[in-house]
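Asker: Before anything else, here's the structure in question.
The values are calculated or read from the model by the stated rules, or taken from the named source; none is laboratory data. Predicted, not measured: the structure shown is a model, and the values here were computed from it. Cβ coordinates were reconstructed from backbone atoms using ideal geometry, including for glycine residues, and neighbour counts include every protein chain displayed. In case anyone asks, the SASA skips ligands and DNA or RNA and just uses the protein heavy atoms, side chains included. Shrake-Rupley method; radii C 1.70, N 1.55, O 1.52, S 1.80 Å.
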Amino acid sequence: LQLARTARTSGVLVTTDVDAGCGADNALALIELATHAVLSEHALAALAGTTEPERGLRALRARSRAVLVVTLGPRGAMALADSDIVTVPGIAVDAPLDRNRVNTIANAEIADTTNTPIDIHNAQPTIIMRPRSVVQSSSM
């Protein structure tokens with residue numbers, strides 16, 4: 001949390017990815033500090049007390065001015081920016097699924113605030129923020 005506080009006071013974007021099973025107090029504290037917070041549908045339901053994504057995002061708005069995003073699996077995603085809701089449909093992909101690679105990518109939790117593409121195979125040192133802790137990774 002201290003790293004997120006320092007980043008915010010320095011004008012740096014702070015992003016976090018909150019999933020189900022994260023400690024609610026730490027998750028909410030990090031969301032309050034974030035400029036951009038991405039939550040799984042299950043995490044949003046647990047933190048906001050509703051299974052309706054729009055209602056959940058609006059409930060979290062009382063705690064955070066961040067751009068709030070909820071991922072909805074194959075249904076896409078929904079974001080709350082200021083008071084505007086934006087929805088993005090899911091994209092059907094017709095390709096063989098390598099579950100091992102998908103899990104590796106999904107668990108990388110890379111946060112890039114430079115607006116540049118990330119090559120996950122040759123990643124530079126990246127700050128990874130998780131609700132339970134703040135970890136610095138020197139390589140992927």
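Asker: Restricting to the stretch 9-22, count the residues that are modelled with pLDDT of 85 or more and touching a helix residue (DSSP H, G or I) at 6+ places or on another chain (Cβ under 7 Å).
Answerer: Counting residues in the stretch 9-22 that are modelled with pLDDT of 85 or more and touching a helix residue (DSSP H, G or I) at 6+ places or on another chain (Cβ under 7 Å) gives 3.
Asker: Also: With (1) crowded, with 17+ Cβ neighbours inside 10 Å; (2) at pLDDT 95 or above as the list, and Thr71 as the residue in question, which single condition is left unmet?
Answerer: With (1) crowded, with 17+ Cβ neighbours inside 10 Å; (2) at pLDDT 95 or above applied to Thr71, the lone miss is (2).
Asker: Just name the residue that is surrounded by the fewest Cβ atoms within 10 Å (Cβ to Cβ) out of those in the stretch 1-31 that are small (Gly, Ala, Ser) and in contact with a Pro (Cβ under 7 Å, 6 or more places away or on another chain).
Answerer: The selected residue is Gly23.
Asker: Here's another thing I want to ask about it. Quick one: in the stretch 60-80, which of the residues that are touching a Leu at 6+ places or on another chain (Cβ under 8 Å) and hydrophobic (A, V, I, L, M, F, W, C) is farthest from Thr35 (Cα to Cα)?
Answerer: Among those that are touching a Leu at 6+ places or on another chain (Cβ under 8 Å) and hydrophobic (A, V, I, L, M, F, W, C), it is Met78.
Asker: In the stretch 32-56, how many are over 14 Å from Ala79 (Cβ atoms) and touching a helix residue (DSSP H, G or I) at 6+ places or on another chain (Cβ under 8 Å)?
Answerer: Number of matching residues: 10.
Asker: Looking only at the stretch 39-97, count how many residues are within 18 Å of Gly23 (Cβ to Cβ), under 17 Å from the mean Cα position of the chain (by Cα) and part of a loop (DSSP other than H, G, I, E, B).
Answerer: Here the count works out to 2.
Asker: For the structure I just gave you, tell me whether Ala43 is open to solvent by less than 80 Å² (accessible area, probe 1.4 Å) and at pLDDT below 90.
Answerer: No.
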